[in-house]
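The structure under discussion appears below in the form of structure tokens.
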Amino acid sequence: MSVDIKKSVLALRINFIFMGVLMGGWSTRIPELKSALNMNDATLGRTLIGGSLAGFVSSRIIGKLIRELGTKKVFYLGSVIFPVGYLSIAFAPNAYFVFLGIFFFVVGYLFLDNPLTIITQGIEAEQDRKYLSGFHAFWSIGTLAAAFFGSFLIGRVRYSIHLAGIAIIVFIVLIITSRALEDKKPGGGDQKPAELKWNGALGRVVILMGLGMMFSNGAEFGATDWSALFLRDVLSITGQLYVGAYLAFEIGMIISRLLGDKFIHKYGAAKVIQISGFIGASVWLISMIIGVNIDHFNRPLAYIVILIGYFVAGAGVGPLFPGFITLLGNTPGIDMGTALSRAFLIAMVGVAIIPAAIGFISDATSLTYAMLLPIALLFGAGLIARNVHTK
């Protein structure tokens with residue numbers, strides 16, 4: 001591996017860590033933001049729509065920008081846009097500015113994420129090895145570290161100072177490390193990319209991969225957002241022990257993503273997604289059934305069984321998102337800049353509606369039945385990969 005490639009890989013790992021910090025950094029301060037601006041749940045929900053709108057707008061322009069400007073200039077553009085969003089959220093005087101802040105943050109984030117993914121795929125092609133799954137492991141490490149650090153700062157540092165500090169630090173890190181990134185222009189020179197229509201052959205591939213990413217996000221956030229409540233409300237686990245399922249899931253996901261590059265390179269992304277989805281969902285389901293049924297006479301054993309299920313589920317979810325990106329990139333004739341932005345738009349639906357859907361099902365039935373939804377999504381991701389035919 002050349003020195004330049006080594007520097008680029010190191011820069012990408014650092015960038016993915018801090019992209020994770022951006023995503024996880026503000027989530028722990030949402031309750032304080034809501035209280036400070038006197039927002040109710042409905043108002044907060046409306047502000048979060050800014051992220052979906054940002055995804056839609058980005059999907060319309062980012063492919064063209066990457067083709068005309070290259071990945072590096074779009075990355076620099078994202079580095080300038082995301083702090084505007086972060087600072088708008090931090091110092092927002094009302095919900096309207098929070099909406100605008102979320103919009104600009106997500107636009108900036110996608111302007112960073114798409115170029116990093118395309119640069120990574122270029123290195124993979126040049127080196128004939130996989131990096132993307134491992135890079136997403138570093139993203140997971142960043143989100144986990146940011147969430148725990150943010151939780152520690154609650155009650156000690158005002159959320160506006162915390163968010164402003166993240167924006168400044170991440171901006172400096174991204175600008176410094178970007179010097180080692182390669183510049184890519186998908187499609188190359190004056191070559192006109194194939195037209196990407198939603199109802200065309202390539203458009204259907206994008207929709208299928210986007211659905212796979214949505215299922216991955218739905219399983220991940222369905223598990224992490226509701227894991228503590230499941231242990232507390234279903235198994236009556238109290239105190240700090242009810243964060244055990246969240247930690248088990250995240251650890252499983254990080255480990256599988258670190259190992260994912262090796263297996264995706266050896267067996268192919270589709271096969272890895274199938275096995276991960278089927279095994280992860282099956283063990284998760286079996287562990288939940290066993291844990292709930294033995295809880296009344298052996299709670300410690302039930303707790304351990306549930307943690308094992310969440311660990312295997314996290315390991316199953318880990319390779320899915322980077323795996324579907326790899327499958328998308330392996331599609332002949334695809335314009336990766338446009339395709340990624342559209343697939344990410346579909347994937348964001350999972351973040352927006354799946355955790356809320358779990359709450360709705362839980363209210364109507366029980367949380368035990370509601371958790372069948374993310375389990376089904378994890379299994380469904382394996383089914384999608386089973387029917388993918390790319391080079």
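The values are calculated or read from the model by the stated rules, or taken from the named source; none is laboratory data. These numbers were taken from a predicted model, which means no experiment stands behind them. Here Cβ is always computed from backbone atoms with ideal geometry, including for glycine, and neighbour counts include all displayed protein chains.
Checking each residue in the range 234-280 for being in a helix (DSSP H, G or I), at pLDDT 80 or above and within 17 Å of Leu367 (Cα to Cα) picks out Ala245, Tyr246.
Please state which one of Ile102, Ile118, Ile166, Ile61 is β-branched (Val, Ile, Thr), touching a helix residue (DSSP H, G or I) at 6+ places or on another chain (Cβ under 6 Å) and within 15 Å of Ser341 (Cβ to Cβ). Step through it out loud before you land on a result.
Numbers: Ile102 fails: within 15 Å of Ser341 (Cβ to Cβ); Ile166 fails: within 15 Å of Ser341 (Cβ to Cβ); Ile61 fails: touching a helix residue (DSSP H, G or I) at 6+ places or on another chain (Cβ under 6 Å).
Checking each option against the conditions leaves just Ile118.
Taking Leu110 as the residue in question, decide whether it is closer than 21 Å to Leu12 by Cβ, modelled with pLDDT under 90 and out of contact with any strand residue (DSSP E or B) (no Cβ under 9 Å at 6 or more places or on another chain). Yes.
Quick grid of which residues meet (1) in contact (Cβ under 8 Å) with a residue 24 or more places away in the chain; (2) under 26 Å from Met209 (Cβ atoms):
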position	(1), (2)
Ile290	no, no
Leu307	yes, no
Phe311	yes, no
Ala315	yes, yes
Leu328	yes, yes
Ala347	yes, yes
Ile358	yes, yes
Thr365	no, no
Arg386	yes, yes
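When the helices (runs of 4 or more DSSP H) confined to the range 318-388 are screened for residues that are crowded, with 21+ Cβ neighbours inside 10 Å and touching a His at 6+ places or on another chain (Cβ under 9 Å), those reaching at least 2 such residues are found at 320-329.
Restricting attention to the range 222-234, report how many residues are surrounded by fewer than 20 Cβ atoms within 10 Å (Cβ to Cβ) and not small (Gly, Ala, Ser). Even if it seems obvious, please write down each step before you answer.
Keep residues of the range 222-234 that are surrounded by fewer than 20 Cβ atoms within 10 Å (Cβ to Cβ), which gives 225, 228-229, 232-234.
Adding the requirement that they be not small (Gly, Ala, Ser) leaves 225, 229, 232-234.
The total comes to 5.
Looking only at the range 101-155, residues that are touching an Asp or Glu at 6+ places or on another chain (Cβ under 6 Å) and part of a helix (DSSP H, G or I) come to 4 in all.
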